[in-house]
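Below: the structure, in structure tokens.
The values are calculated or read from the model by the stated rules, or taken from the named source; none is laboratory data. What you see is a predicted model, and the numbers here were worked out from it, not measured in a lab. Positions of Cβ are generated from backbone atoms using ideal geometry, with glycine treated the same way; all protein chains shown enter the neighbour counts. Quick note on the areas: whole protein, heavy atoms, side chains included, nothing else; ligands and nucleic acids left out. Shrake-Rupley method; radii C 1.70, N 1.55, O 1.52, S 1.80 Å.
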Amino acid sequence: MTIENKPSITTEQRVNDMRSALEHRGTWLYLLLEEAEKAGYDWEGFARKAVTRCGRLHGEANFTQTENLKAFGKEFANELYSKIFEMDVKELSDEKFQVEFHYCPHVAAWQKLTKDEKKIEKLCDIAMDGDRGIISAFPKFRFELGDTIAKGGKGCTITITKTK
């Protein structure tokens, strides 16, 4: 098959591929932390630090460094990630960016691995440290986590506000 005859990947296929990859990452995180727990480690402490650090690196490397919350919000809730997480932007203004996620590949993975709702809630909050880390790369922004799918909510709500 030549490049000219190669079928293009549809947006739907990209969304499904990314969801699978993120679900795999959720599985990987769960199993890694489960093995750490079996070995007697305080996995929550080191996991939070590592995930926050990863988020910060991601925020610094993959987002335009800006004080413009609208510009940041458009990058954060781009077309592909909006479809992957079924994002609904509730507000995007100069002072506030609020988005609700209606699907989470990580929670979907964890629910296949355990019925322990408290553990899933804790894993979710640790995963959200990635988003907290992203926002930490923006000194003029503040992150707030609202309801989450892991806690039985209709979605995960994050609010990012501009500080004075």
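Among the residues of the range 50-95, those that are among the hydroxyl-bearing types (Ser, Thr, Tyr) and either under 17 Å from the mean Cα position of the chain (by Cα) or at pLDDT below 95 (or both) comprise Thr52, Tyr81, Ser82.
Which pairs do you get when a residue that is touching a residue at least 40 places away in the same chain (Cβ under 8 Å), found in the range 20-33, comes within reach of a residue that is part of a helix (DSSP H, G or I) and surrounded by fewer than 18 Cβ atoms within 10 Å (Cβ to Cβ), reach meaning Cβ atoms under 7 angstrom, with the pair 6+ apart or on two chains? Taking only residues 6 or more apart or on different chains, the pairs are Glu23/Ala108; Thr27/Leu113; Tyr30/Leu113. Scanning the range 115-126 for residues that are open to solvent by 30 Å² or more (accessible area, probe 1.4 Å) and either in a helix (DSSP H, G or I) or touching a residue at least 12 places away in the same chain (Cβ under 8 Å) (or both) returns Glu117, Lys118, Lys119, Glu121, Lys122, Asp125.
Restricting attention to the range 147-162, the residues that are within 21 Å of Glu75 (Cβ to Cβ) and open to solvent by less than 50 Å² (accessible area, probe 1.4 Å) total 7. Do we have any residue at all in the range 99-115 that's among the hydroxyl-bearing types (Ser, Thr, Tyr), within 24 Å of Gly45 (Cα to Cα) and at pLDDT 95 or above? Yes - at least one qualifying residue is present in the range 99-115.
The residue of the range 52-106 that is surrounded by the fewest Cβ atoms within 10 Å (Cβ to Cβ), among those that are outside any helix (DSSP H, G or I) and of a type in the set (Asp, Glu), is Asp94. In the range 141-153, the residues that are over 23 Å from Asp116 (Cβ atoms) reach residues that are acidic (Asp, Glu) and open to solvent by less than 80 Å² (accessible area, probe 1.4 Å) with C-beta atoms within less than 8 angstrom, at least six apart or across chains, in these pairs: Phe143/Asp131. Might you let me know whether the range 29-44 holds any residue that is open to solvent by less than 80 Å² (accessible area, probe 1.4 Å), within 26 Å of Ser82 (Cα to Cα) and in a helix (DSSP H, G or I)? Yes, that holds for at least one residue.
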